[in-house]
Amino acid sequence: MTYQAGWSEVEQTLVQRERWPGRYDAKYTPLVYPGQKVLPDQPVLRVQYAQPIEYAGMSMSATETLSAGLSGRVLSITPRGGVVIEGRVTLVRGVVGVGRQVAGVLTLWSPEASQHTTSAFLPGAILIVPGPINFAFLQRALASGISAVIASSITVADLEGFLRTDIIQLLDFNDIEIAQVHLPPITLFLTEGLGTFVMPPRLLNLLSSYQGTVALLSGVTSVRRSVFPELLISLG
């Protein structure tokens, strides 16, 4: 399986997306109702997991509140407890990604500001990195509590080392939600794919223009089901 650089697509469109954390072992309490208008940073769902989420010695709270990530109107509450929201967005499709749906503040990373560390960034942020990332960077990002990383690319060896799994098998897994359960609790979105590609200036300029904006990001990728990572940034 190979990937080419420059596959990322950008469009402005009307979307309907379910706000749901991608886990069945939880109790969901909607905080909104159909017909209600919501803002990206507005809490819309309370989630209580059956047990705390643990990964490599790290423990996360058994309860969390999810913000909408989108500006729009609540269409419905799904049988599994998710909240369906409709809104107009700038939609960016990536080439490869991993990890569940998250909402966070888009934050541009710069080596000068952070001195080659992610500790300067707020927990829960969606970090935008113009170039390739590596295993060490992802380890620091995970330890900092960052929700997600948008980067241009990463080598197969670094990605598989971080995920502790075979990337080809992961991308070909039939049940895309089950496939995310045992991954590190951070979402990855690659605009150019696997390798050492840089982010095109036009895409970097677009993402930079939305810095400080709350966005909704999903890293879920399934070649078998033609599902690819997407970033949704509300318009207005």
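Details
- Residue in the range 158-177 that is acidic (Asp, Glu) and open to solvent by less than 10 Å² (accessible area, probe 1.4 Å) present: no
- Of all the listed residues (Ser208, Ser153), the sole one being part of a strand (DSSP E or B) and small (Gly, Ala, Ser) is Ser153.
- Scan of the range 124-142 for residues that are part of a helix (DSSP H, G or I) and either hydroxyl-bearing (Ser, Thr, Tyr) or in contact (Cβ under 8 Å) with a residue 40 or more places away in the chain (or both), ordered by number: Leu138, Ala141, Leu142
- Contact annotation: residue pairs with Cβ atoms under 8 Å, 6 or more positions apart or on different chains, pairing a residue in the range 34-53 that is among the aromatic types (Phe, Trp, Tyr) with a partner that is open to solvent by 50 Å² or more (accessible area, probe 1.4 Å), are Tyr49/Asp25; Tyr49/Thr63.
- Test: Leu183 is in a loop (DSSP other than H, G, I, E, B) and at pLDDT below 90: yes
- Scanning the range 210-229 for residues that are polar (S, T, N, Q) and open to solvent by 40 Å² or more (accessible area, probe 1.4 Å) yields Gln211, Thr213, Ser226.
- Applying the set (1) part of a strand (DSSP E or B); (2) modelled with pLDDT under 95; (3) closer than 21 Å to Met199 by Cβ to Glu64 leaves exactly one unmet item: (3).
- Check on Thr191, closer than 30 Å to Lys37 by Cα and touching a residue at least 60 places away in the same chain (Cβ under 8 Å): no
- Which listed residue, of Val89, Val47, is open to solvent by less than 70 Å² (accessible area, probe 1.4 Å), part of a strand (DSSP E or B), under 26 Å from Thr221 (Cβ atoms) and modelled with pLDDT of 95 or more: Val89
- So Phe162, is it outside any helix (DSSP H, G or I) and either closer than 18 Å to Ile126 by Cα or touching a helix residue (DSSP H, G or I) at 6+ places or on another chain (Cβ under 9 Å) (or both): no
- Looking across the range 15-33, the residues that are within 12 Å of Gln48 (Cα to Cα), assigned to a loop (DSSP other than H, G, I, E, B) and open to solvent by less than 50 Å² (accessible area, probe 1.4 Å) come down to Pro21, Arg23.
- Taking the range 212-236 as the range and being modelled with pLDDT under 95, over 13 Å from Val96 (Cβ atoms) and polar (S, T, N, Q) as the test, only Ser226 passes.
The values are calculated or read from the model by the stated rules, or taken from the named source; none is laboratory data. These figures come from a predicted structure and were not determined experimentally. All Cβ positions, even for glycine, are placed from backbone atoms using ideal geometry, and neighbour counts span all protein chains on display. The protein model used for the area step is the full one, side chains on, heavy atoms only, and it has no ligands, DNA or RNA in it. Shrake-Rupley method; radii C 1.70, N 1.55, O 1.52, S 1.80 Å.
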